[in-house]
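Every number here is computed from the coordinates shown, using simple stated rules; none is lab data. Please read these numbers as outputs of a predicted model, since none were measured by experiment. Quick reminder, even Gly has a Cβ in these numbers, built from the backbone with ideal geometry, and neighbours come from all protein chains shown.
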Amino acid sequence: MDAALDASTTENPRARAADAERLSGRRLWTLLVVMTGTFLAIMDSFIVNVAVPSIRAELQATFAQVEMAVGGYILVYGLLLVTGGRLGDMFGARRLFLIGIGIFVLASLAAGLAPDPVTLIAFRVVQAVGAALFYPQVLAVLQTAFTGQARAKAFAVFGVTIGLASIAGQVLGGLLIHLDVFGLGWRNVFLVNVPFGLLAFAGAVRLLPVGRTASDGAAGGRLDLTGVGLLSGALLLLSVPLVEGQHVGWPAWTWISMAASLPALWVFVAWERRLAARGGSPLVDPALFRLRAFSAGNALALAFFAGNAGLFFILTLQLQNGMGYSPLAAGLTFAPLAVAFSAASLLGPRLQARLGHHTLTLGYAINAVGTLALLGTAWAVGTAMTGWILLPALAVIGFGEGLGVSPLFGTVLGGVPAKDAGAAGGVLETATQVGMSLGVTALGLVFFAALGGAASPAAYGGAFTTALVGNLVLALVALLLLPLLLRGDRSGRSR
């Protein structure tokens with residue numbers, strides 16, 4: 001059927017253009033394949049959290065070891081995203097997607113069968129390497145294989161996927177452990193990746209183009225290994241303290257390391273500029289940051305996802321520690337946010353067709369209003385706080401986030417040259433990962449500082465309310481950065 005459609009449209013330019021705007025047939029199945037990979041990569045940042053007590057008990061792991069099993073994935077994943085994106089530009093998105101998802105599936109199987117904590121940590125790291133190789137290819141495929149309204153719809157589905165994966169990681173993890181499928185307990189949180197990963201692999205073999213897309217291999221040259229080392233070093237200096245600082249009590253080395261990440265990042269930028277001036281192939285083309293939409297969009301993504309992840313973190317602390325919810329009940333409290341997020345993401349393309357970039361403005365404004373409503377609710381109810389009371393504000397936040405996330409990725413990447421699509425996607429996803437780490441760390445610091453040594457429901461409620469002030473600040477920063485993004489984007493003016 002697709003072959004017949006292709007044959008008919010090649011003879012009619014108008015029909016061919018109209019067909020390119022539709023999200024149907026082979027393009028729809030291609031989207032389903034890459035969204036399966038997206039879901040697995042994002043979900044695995046969250047799904048292990050609820051399995052920590054079970055892992056400790058069965059493997060007799062220390063707190064430090066289970067923290068590495070959780071944080072090691074996030075750390076390595078964040079370090080290698082840009083490199084994975086550039087490799088996709090050099091060798092083809094299809095090839096890197098297949099290699100990455102293959103590594104991810106094998107590592108998930110090995111992690112699920114791990115006999116001891118060290119083996120589990122090792123294969124969590126390998127999982128992260130696989131995810132960092134295939135995930136940037138998703139954004140490259142969305143950017144180069146879809147056009148017009150089809151691209152807007154594809155990014156809307158992408159937004160739904162990352163939102164649902166973030167929630168599903170917490171809910172599904174608790175559910176799998178509760179059901180104890182085949183008596184495997186916590187091991188199911190890793191083994192669940194295997195069948196879906198294999199389906200994504202088989203689908204990619206069948207559907208992702210064997211030939212080169214606009215981005216595949218267009219970057220040319222050799223991998224900038226010096227740039228890889230410099231960027232990895234800078235991110236490592238920043239990420240290790242963010243992941244481990246709270247657990248080790250923020251000793252002096254954590255602050256020194258974070259401060260050192262700034263000059264290390266400057267050295268990386270200087271090297272990339274020098275390499276580009278010599279006609280080499282930099283890991284990240286400095287010209288990308290001369291695109292205002294790209295540079296402003298990455299700053300906005302960092303602020304927005306800092307608020308998003310920070311809210312998830314402090315709300316989870318409040319629900320489980322302050323209100324005594326089980327991991328599954330706490331996860332289900334996020335469900336209204338996820339439903340509203342999904343509904344808004346699917347509504348987004350229709351609104352964009354009518355409102356243009358005002359859709360983004362509407363989304364981030366609603367997000368800020370929802371955050372203010374959550375803060376006001378928490379302050380007003382005090383110790384009478386329940387999940388049901390928080391539900392309306394959470395739904396408003398979810399709706400605002402849904403309108404804001406999908407168009408954000410499309411707008412930021414819209415003006416990027418096809419040859420840099422993979423690397424640009426890696427940079428944007430790195431910004432979101434760094435933002436998430438910063439948000440969890442900053443709002444966590446505020447939360448625990450306000451909590452002090454107390455453990456009463458009233459103390460937790462007060463700490464949660466105080467931390468929500470920081471969350472509101474981040475929501476407002478994202479809203480204030482939006483004009484810079486919209487002025488820099490010339491591809492999608494409001495209509």
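What's the FRET efficiency of ALA454 with GLN149 using the Cβ-Cβ distance as r and R₀ = 41 Å, to the nearest 0.05? So, using R0 = 41 Å, E works out to roughly 0.15.
Compute the label zone of THR383 within segment 435-467: residues whose backbone N is under 12 Å from the point 7 Å along Cα-to-Cβ. Correct set: 456-462.
For ASP224, the residues whose amide H sits under 5 Å from its own are LEU283, ignoring neighbours fewer than 5 places away on the same chain, with H placed 1.01 Å from N. The ranking of ASP224, ASP89 from fewest to most other beta carbons within 10 Å of each one's beta carbon is ASP224, ASP89. Using C-alpha pairs under 8 Å with a sequence gap of at least 6, the mean separation divided by the residue count of the chain gives a relative contact order of 22 percent.
Under the criterion of Cα pairs below 8 Å and six or more residues apart, the relative contact order for segment 26-207 equals 39 percent.
Shown here: percent of Cα pairs over 36 Å apart, derived from the displayed model; of the candidates [x] 35; [y] 51; [z] 28, it corresponds to [z]. When both segment 24-80 and segment 411-436 are represented by their alpha-carbon centers, they are found 21 Å apart.
Separation of segment 444-464 from segment 232-280 is 31 Å, based on Cα centroids.
Mean residue ellipticity, 222 nm, helices only, the chain: the sum of -39500 (n - 2.57) across DSSP H runs of n ≥ 4, divided by residue count and rounded to 500, is -27500 deg cm²/dmol. How far, in degrees from 0 to 90, does helix 148-179 lean away from the longest principal axis of the Cα atoms of the chain, to the nearest 10? Tilt of helix 148-179: around 30 degrees. The angle separating the long axis of helix 225-248 from the principal Cα axis of greatest extent in the chain is about 20 degrees.
Relative to the longest principal axis of the Cα atoms of the chain, the long axis of helix 421-451 makes an angle of roughly 10 degrees.
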